[in-house]
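Worksheet for the structure shown next.
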Amino acid sequence: MSVEINQHSKYYLNMNYSFEYIDIILLAMIAGFIFLRLRGILGKKTGHEENLSATFAQDFTSKNEKFKNIDETNFDEKAKADFLKGAEIAYESIVTSFSSGELKKIKTLLDKKVFNEFNEAVKERKNKGLTSETTFIGINSADIKNYNQINNMFEVTVDFVSEIISCVEDKDKKLVSGDPKKVKKVYDTWKFSRDIKSLSPNWLLIDTQA
């Protein structure tokens, strides 16, 4: 009789282990399903978040290889539209990176003169103990104001209208300028340039006007 009890005990014990094992598998499957659903809804990082500075060049080479040979004679409506897509991405990247002082991320987008000017401004801000915070809301419009070619250099000037929340605070967190709760409309005129004979597809920001 005791043998039967032991056998039955082992049987039920094994059954319990089996059910626990099945429960673990089911829970893992449910967790995996929920993870996949959330990733599909919320999205995932693609690696481009940390490489915005390269996008302005990539847009031209990946979508249209011929665009890298663009000049004043073939800057048609399609080329202008493609250019503006890249210019908008570059604009947002430059504005936010300048605000945070992370100029290395956008160095490939800036002419040497502009980079030096931005770098001096960031150093001056840091020396004064000031911090800048910017929330980029979006671009309302981006329009090509004019374009021209001087020898091998093709230049395009763009008028941007954007909405931004920005403020500057001192080391004691006292507001120096701007408003952290107010969205302001910003008007900028930026000039981009590239060497049409260069193998590099990069466009550089060569001038900014507010």
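Each value in this text was obtained by applying a stated rule to the coordinates, not by laboratory testing. Worth saying up front: this structure is predicted, and the values here are computed from it rather than measured. A quick note on method: Cβ atoms are made from the backbone with ideal geometry, for glycine too, and the neighbour counts reach across all protein chains shown.
State which entries of Lys128/Lys174; Lys80/Lys185; Lys107/Lys174 exceed 21 angstrom in Cα-Cα distance in the structure shown.
Check vs 21 Å cut-off fails for Lys80/Lys185; Lys107/Lys174.
What are the extents of the Cα atoms of the stretch 133-174 along their three principal axes, in Å, largest first?
For the stretch 133-174, the Cα extents along the three principal axes come out at 51, 23, 10 Å.
Taking amide H atoms as placed 1.01 Å from N in the peptide plane, list the residues 5 or more away in sequence, or in a different chain, whose amide H sits under 5 Å from that of Ile137.
Glu163, Ile164, Ile165
³J(HN,Hα) across the stretch 159-164 via Karplus (A = 6.51, B = -1.76, C = 1.60, θ = phi - 60°), whole Hz, x for Gly/Pro?
Using θ = phi - 60°, the values come out as 9, 10, 10, 10, 10, 9 Hz.
With contacts defined as alpha carbon pairs under 8 Å and 6 or more residues apart, what's the relative contact order of the stretch 48-209 in percent?
Relative contact order here is 23 percent.
Which loop GluC sites (Glu not before Pro) in the stretch 86-165, with loop taken from DSSP, have no more than 16 other Cβ atoms within 10 angstrom of their Cβ?
Of the GluC sites (Glu not before Pro), the ones in loops of the stretch 86-165 whose Cβ has at most 16 other Cβ atoms within 10 Å are Glu102.
Can you grab the distance from the C-alpha centre of the stretch 124-157 to the C-alpha centre of the stretch 185-210, Å, no decimals?
8
What list of ³J(HN,Hα) values in whole Hz, one per residue of the stretch 171-188 in order, does the Karplus curve 6.51 cos²θ - 1.76 cosθ + 1.60 (θ = phi - 60°) give from phi, with Gly and Pro shown as x?
5, 9, 6, 7, 5, 9, 7, x, 8, x, 10, 10, 8, 10, 8, 10, 10, 10
What list of ³J(HN,Hα) couplings, whole Hz, do you get for the stretch 97-110 from phi and the Karplus terms 6.51, -1.76, 1.60, once you set θ to phi - 60° and write x for glycine and proline?
Here the 3J(HN,Hα) series is 5, 5, 4, 7, x, 9, 6, 4, 5, 10, 4, 6, 9, 10 Hz.
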